Amino acid sequence: MASDKKVFSSDEVSQHNKRDDCWLIISGKVYDVTHFMDEHPGGDEVFLSSAGKDATFDFEDVGHSEDARELMKEYYIGEIDSSTVPATMTYVAPVQPT
Ligand code: HEM
């Protein structure tokens, strides 16, 4: 159902952070990896520690193969609404006293 794209808020994704209900965000896309947990060559722990969160950095850091990138399409469930992602990583320089 490619035309029927779902958009999830960051809050909604963060609720799916359990072994039997595990979603991840990778490059703005949401994946339900609940049923891939036991098969992931990188183990289930990495999924659980990134569950409900943005795992883009960790996913890229591992240098996943083309096969892995093909495989992840099976677990794609929708897009993340970027306006709901907290900008916690944005560094804001402190205002200097004049
Ligand atoms: C839907 C998302 C994902 C899929 C389909 C996936 C799939 C795979 C596959 C097929 C491999 C075997 C090596 C390769 O082909 O590159 C692999 C390895 C690995 N993955 Fe993932 N992965 C996903 C997400 C993640 C995330 C989010 C993390 C980290 C938080 C992670 C950590 C690892 C690690 C550490 C390995 C290396 C295992 C080793 O070589 O000992 N993966 N993954």
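The values are calculated or read from the model by the stated rules, or taken from the named source; none is laboratory data. This structure is a prediction, so every number in the text was calculated from the model and none was measured. As a convention, Cβ positions derive from the backbone with ideal geometry for all residues, glycine included, and neighbour counts pool all protein chains shown. The accessibility values were calculated without ligands, DNA or RNA, using every heavy atom of the protein model including side chains. Shrake-Rupley method; radii C 1.70, N 1.55, O 1.52, S 1.80 Å.
For this structure, a couple of remarks:
- Taking first residues from region 30-50 that are more than 7 Å from the ligand (Cβ to nearest atom) and partners that are open to solvent by 70 Å² or more (accessible area, probe 1.4 Å), the Cβ contacts under 7 Å between residues at least 6 apart in sequence or on separate chains come to Thr34/Asp20; Met37/Arg19; Asp44/Asp38; Leu48/Arg19.
- Complete set of residues in region 1-30 that are part of a strand (DSSP E or B), open to solvent by 20 Å² or more (accessible area, probe 1.4 Å) and closer than 20 Å to Ser65 by Cβ: Lys29
- Test: Gly78 is at positive phi and either free of Cβ contacts under 8 Å to residues at least 60 places away in the same chain or assigned to a loop (DSSP other than H, G, I, E, B) (or both): no
- Lone qualifier among Ser9, Ser49, Ser14, Ser82 - being modelled with pLDDT of 90 or more and in contact with a Gly (Cβ under 9 Å, 6 or more places away or on another chain): Ser14
- Qualifying residue in region 54-68 (condition: more than 9 Å from the ligand (Cβ to nearest atom), surrounded by 11 or more Cβ atoms within 10 Å (Cβ to Cβ) and not in a loop (DSSP other than H, G, I, E, B)): yes
- Positions within region 6-48 being within 10 Å of Tyr75 (Cβ to Cβ) and out of contact with any helix residue (DSSP H, G or I) (no Cβ under 7 Å at 6 or more places or on another chain), in sequence order: Lys29, Thr34, His35
- Here region 85-98 is the region considered, the condition is being open to solvent by 100 Å² or more (accessible area, probe 1.4 Å) and hydroxyl-bearing (Ser, Thr, Tyr), and the residue that is modelled with the highest pLDDT is Thr98.
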